[in-house]
Amino acid sequence: MCGRFTLTSTEDLAERFKIMEDFLPEQLNISYNVAPGQSVLSVIHTGSERRMGHLRWGLIPRWAKEEKIGYKMINARAETLAEKPSFRKPLQTQRCLIVTDGFYEWKKIDGQKQPYRITLKDKGIFSFAGLWEKWQSPSGDAVFSCTIITTEANEVMQDIHHRMPVIIAQEDESAWLDPENSRKPEELLLPFPSEHMDIYPVSAAVNNAKNNSPDLIQPIGQ
């Protein structure tokens with residue numbers, strides 16, 4: 001699964017994701033401990049151009065009666081997307097990239113959960129495969145939300161957890177975003193190659209979502 005992640009730099013995002021300045025959000029915030037329910041920086045394709053903005057993490061299906069259901073839908077399994085009513089339509093027309101530079105996962109050691117941070121070896125920006133949805137509240141307010149797609153763990157992750165978020169390679173981002181692309185989206189929902197990833201233990205302070213400082217991403221015990 002994926003329950004926490006980071007975005008510690010917002011430099012050159014327009015160039016990195018090929019987005020015109022007019023389609024960037026006014027504010028780009030960094031976070032060392034992004035948690036469910038918070039706004040996450042995302043990229044969508046409108047059919048004519050890419051736009052970057054914020055989506056609430058935890059997908060709220062358009063048929064939902066209450067928005068709190070989103071806390072149960074922070075992740076979506078790649079293997080069953082086409083079977084689930086909540087994800088079937090977004091998979092075809094409402095795919096997104098969720099911008100990040102690392103994520104956390106926990107391993108049980110001697111009865112305690114030790115957090116690890118997982119990044120790319122170059123420590124650069126990358127993107128999770130996501131789905132987004134628009135939900136209308138009973139009062140008429142529109143809420144735009146998202147979920148992170150997960151798949152089976154690759155070799156470097158298997159020792160910690162049996163699942164991992166789907167990371168979309170930069171060269172595949174256009175294919176994932178564009179609903180008119182000829183490639184089937186399911187073809188891109190694979191474990192990211194282990195040789196391009198790095199993993200290291202971090203402080204248990206990350207367990208508390210209220211903690212959000214550079215200390216959280218510093219290696220410990222090495």
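All of the numbers you see were taken from the coordinates with simple rules; none came from a lab. Everything numeric here is computed off the predicted structure, so don't read it as measured data. Cβ: placed from backbone, ideal geometry, glycine included. Neighbour counts: every protein chain shown.
For a Förster distance of 30 Å, can you work out the FRET efficiency between the beta-carbons of LYS184 and ARG16, rounded to the nearest 0.05? E between LYS184 and ARG16, to the nearest 0.05, is 0.75. Rounded to whole numbers, the Karplus 3J(HN,Hα) couplings from phi for the range 28-40 are 10, 9, 8, 8, 9, 7, 6, 10, x, x, 8, 7, 10 Hz, using 6.51 cos²θ - 1.76 cosθ + 1.60 with θ = phi - 60°, and x at Gly and Pro. Translational diffusion of the range 163-222 was estimated from the Stokes-Einstein equation, with Rh taken as the Kirkwood radius over Cα pairs; at 37 °C and 0.692 mPa s the coefficient is 225 µm²/s.
Loop-located GluC sites (Glu not before Pro) across the range 1-105 with a Cβ neighbour count of 14 or fewer within 10 Å are GLU11, GLU26, GLU49, GLU66, with loop assigned by DSSP. Checking every one of the chymotrypsin sites (Phe, Trp or Tyr not before Pro) in the range 1-86 against DSSP loop status and a limit of 11 other Cβ atoms within 10 Å picks out TRP63.
Of the trypsin sites (Lys or Arg not before Pro) found in the range 1-109, those in coil by DSSP whose Cβ has at most 16 other Cβ atoms within 10 Å are LYS18, ARG62, LYS65. What is the local net charge at ASN208, summed over the other residues whose Cβ is closer than 15 Å to its Cβ (Lys, Arg +1; Asp, Glu -1)? Result for the local shell: +2. Each eigenvalue of the Cα gyration tensor of the chain, multiplied by 5 and square-rooted, gives one semi-axis; in descending order these are 26, 19, 19 Å. Note that the range 178-194 has calculated 3J(HN,Hα) couplings of 7, x, 8, 5, 6, 6, 6, x, 4, 5, 9, 8, 10, x, 6, x, 4 Hz, one per residue in order, obtained from phi through the Karplus relation 6.51 cos²θ - 1.76 cosθ + 1.60 (θ = phi - 60°); glycine and proline are x.
Taking amide H as placed 1.01 Å from N in the peptide plane, the amide H of PHE5 sits under 5 Å from that of VAL34, TYR104, each at least 5 places away or on another chain. Along each principal axis, taking the top coordinate minus the bottom one, the Cα set of the range 1-84 gives 35, 32, 26 Å in descending order. Pairs of alpha-carbon atoms within less than 8 angstrom and 6+ residues apart define the contacts here; what relative contact order does the chain have, in percent? Rounded, it is 22 percent for the chain. If you plug the beta carbon distance of ASP159 and SER213 into 1/(1 + (r/R0)^6) with R0 = 30 Å, you get a FRET efficiency near 0.65.
Note on the range 95-204: Kirkwood hydrodynamic radius from all Cα pairs is 15.5 Å, rounded to one decimal. Checking the cross-link pairs LYS121/LYS184; LYS68/LYS184; LYS123/LYS210 against a 26 Å limit on the alpha carbon distance flags LYS121/LYS184; LYS68/LYS184 as lying beyond it. Our coupling estimate for the range 19-24, obtained by passing each phi through the Karplus curve with A = 6.51, B = -1.76, C = 1.60 and θ = phi - 60°, is 10, 5, 4, 5, 10, 9 Hz, Gly and Pro reported as x.
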